[in-house]
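I have placed the structure first, in the form of structure tokens, so that the comments after it can refer back to it.
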Amino acid sequence: MYIILDIQAQLTYISAFESFDSKARLRQTRFPTIYNYLASLVESKKRIQNLIDEFGEAESISISITGSTDYDKQIMTDSAYLHEYNNKDIVKDLKHEFDIPVIIEQDCILDAYAELNNLGENVDEYGLITVTYGIGGVYVKKEDSKYLVFPTELGHTIVVPNGLECACGQRGCVEAYIGGVNMKDRFLTDPKNIEDYRVWEEAVDFLAIATSNFMMAFPTKNIIYSGSSISTIPALKNGIKSGLEKRMRVYKQPKIRVSSLSNQANTLGALKHIELYKNNSLVRL
Amino acid sequence: MYIAIDIGGTKTIVSGFSEVDPSQLVFSSMFSTDRNFDNHIKKIREVIKNNLNDQKIEGIGISHVGILDKNKEKCIDSNNLAEFVNKPIKKLIAKDFTDNVRLENDLVCGALAEATFGYGMNYDKVLYFTVSTGIGAAFAYKIGNNINVVQIEAGFFSIKGIGLPHPSGQVDIIESYVGEKSMEERFLKRPEEIQDLLLWEKQVGYLSTAVINSLIMFNTDVLVLGGGMIENNEYLREKLIINIESGMMQKKLPTIKVSKMGKSVAVNGALSLLKK
Ligand SMILES: [Zn+2]
């Protein structure tokens, strides 16, 4: 059995899977994310133990977290939403408790892994762009038996020199304009409630700029969008194709698809992460 | 002898080395790139023959401006060398000389040169960023003994600007603002004739955006800045480094170096293609 701990900005999901098959889920529990690291650790340990008591021994634990990770050190180093988890060694803490292998990865990179069994299944390479509380971008290329993975921090590429201040400290990052949290700060309401079409026209253009910039580094044939904003806001979902046609002229337009994995993408990606890790097939750059 | 060739838009360099090592230079010849393809190939082959001194050619590495085909046999698109497009250049240059011949794009060669012989020698990941007639970058990463390169069209990064067009059809890309050609069209002067410091301050702002975006997208150990405009324009070079250091907050800054290879960078990259 594999345990997945998915710590999102609002909710934390803990799941048990019998195998690497996404349909082999035994149970999933969730609770509002606890911002105090130690309190969260206590709650997570208790729930993981309950799953072990019910379904038997776990082989490993895979964590998805909403923040940048130092993958070599297996630590989440910087999250705009979970400050108290920054640089905490959750991998070591869980290993110590359960005495099994534990791995951690940033949520949007795991979203890209989840697509290996979904929209990325029948293609050699793809770019995944997440549009949610923040903006992420990952390029995945299958080469022989390996997967080359380029995480890009796309949300923090600068699209307006000297523009709006971003949570990362830079100015003019695309996330400062269309990240869900920043849109909420700008318009004082959840993006889902914004009806002003000019806001969405501008948001589509920013997303098109980010996508075009992504393609200048990775001229991919396949762009997969995922995340709550793109899947729940029709103006974004319907506008991005023509938005990209206006902004990107030097390469052939990619095939654009929107993932249907929604809030399960992190969990399924974390499950896939164990499989890739076990097979030694990841080359993360 | 190992032959390394750099075919640029205006100049071509043909060099010979006794080993795959830039310090083992035997001869080097620089001449204008002849727009006539056949004449130019003839000239390159003559230079090689005249400098061989009866030595055997161990291999030929070629750096070529423009976009190459997937199999790296020929150039399939070039603004500067229209007559070179779709010609079997690799085969024609190496004919009767050797079967060990490799062709690569000039930006890729730049990154390879720095990753193999330059500031990236002791690092696994190298980002090479160049500003000359155009703006470009390439990311080299080492896996085992192999060096792989991702080419980045950094001059084509888009920003939300005033809608400046670019001949490519894209608007508001970095090259619409800082490209040599765009500047000439906007100000009717060659960039080096423009003395306006306020303008240059802005230009460096656009350039640093392109560098920072490349750094944000690629996890690199070292950033190597190169190209004529960076190596020869002190204000641009120093201001650019200051802007990068103060403007990139999201990640830890890599080591920043200014290339010392000058005009040899593409030849060195072509030479590195012959490394076993
Ligand atoms: Zn930012």
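The values are calculated or read from the model by the stated rules, or taken from the named source; none is laboratory data. What you are looking at is a predicted structure, and each value in this text was computed from that prediction instead of being measured. Please note: Cβ atoms are built from the backbone with ideal geometry, for glycine as well, and neighbour counts cover all protein chains shown.
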Quiz item: Within the stretch A:173-181, can one find any residue that is in contact (Cβ under 8 Å) with a residue 40 or more places away in the chain, part of a helix (DSSP H, G or I) and buried (at least 23 other Cβ atoms within 10 Å of the Cβ)?
Solution: yes
Practice problem: Answer yes if at least one residue in the stretch B:116-125 is among the hydrophobic types (A, V, I, L, M, F, W, C) and buried (at least 22 other Cβ atoms within 10 Å of the Cβ), and no otherwise. | Solution: no
Quiz prompt | In the stretch B:211-239, residue nearest to the ligand (Cβ to nearest atom) [restricted to those that are within 17 Å of residue B:199 (Cβ to Cβ) and touching a strand residue (DSSP E or B) at 6+ places or on another chain (Cβ under 7 Å)] | solution = B:237
Quiz item: Is one or more of the residues making up the stretch A:147-156 within 11 Å of another protein chain (Cβ to nearest Cβ), in contact with a His (Cβ under 8 Å, 6 or more places away or on another chain) and at pLDDT below 95?
Solution: no
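Of B:110, B:118, which residue is modelled with pLDDT of 95 or more, in a loop (DSSP other than H, G, I, E, B) and under 15 Å from the mean Cα position of the chain (by Cα)?
When all the criteria are applied, what remains is B:118.
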Exercise. Within the stretch A:159-187, track down each residue that is more than 9 Å from the ligand (Cβ to nearest atom) and facing chain B (nearest Cβ under 9 Å).
Key: A:159, A:160, A:161, A:162, A:163, A:177
Self-check item: Whichever residue in the stretch B:126-146 is polar (S, T, N, Q) and closer than 16 Å to residue B:231 by Cβ and, among such residues, is surrounded by the fewest Cβ atoms within 10 Å (Cβ to Cβ)
Solution: B:132
Quiz item: Residue check, residue B:188 against (1) under 30 Å from residue B:119 (Cβ atoms); (2) out of contact with any strand residue (DSSP E or B) (no Cβ under 9 Å at 6 or more places or on another chain); (3) among the hydrophobic types (A, V, I, L, M, F, W, C), all met but one. Which one?
Solution: (1)
Quiz item: Picking from A:83, A:156, which residue would you name as being assigned by TED's automatic domain parsing to the domain that holds residue A:30, within 16 Å of the ligand (Cβ to nearest atom) and not small (Gly, Ala, Ser)?
Solution: A:83
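Per-residue answers, yes or no, for (1) within 14 Å of another protein chain (Cβ to nearest Cβ); (2) modelled with pLDDT of 95 or more; (3) crowded, with 17+ Cβ neighbours inside 10 Å:
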residue	(1), (2), (3)
B:167	yes, no, no
B:182	no, no, yes
B:186	no, no, no
B:196	no, no, no
B:208	yes, yes, yes
B:220	yes, yes, yes
B:223	no, yes, yes
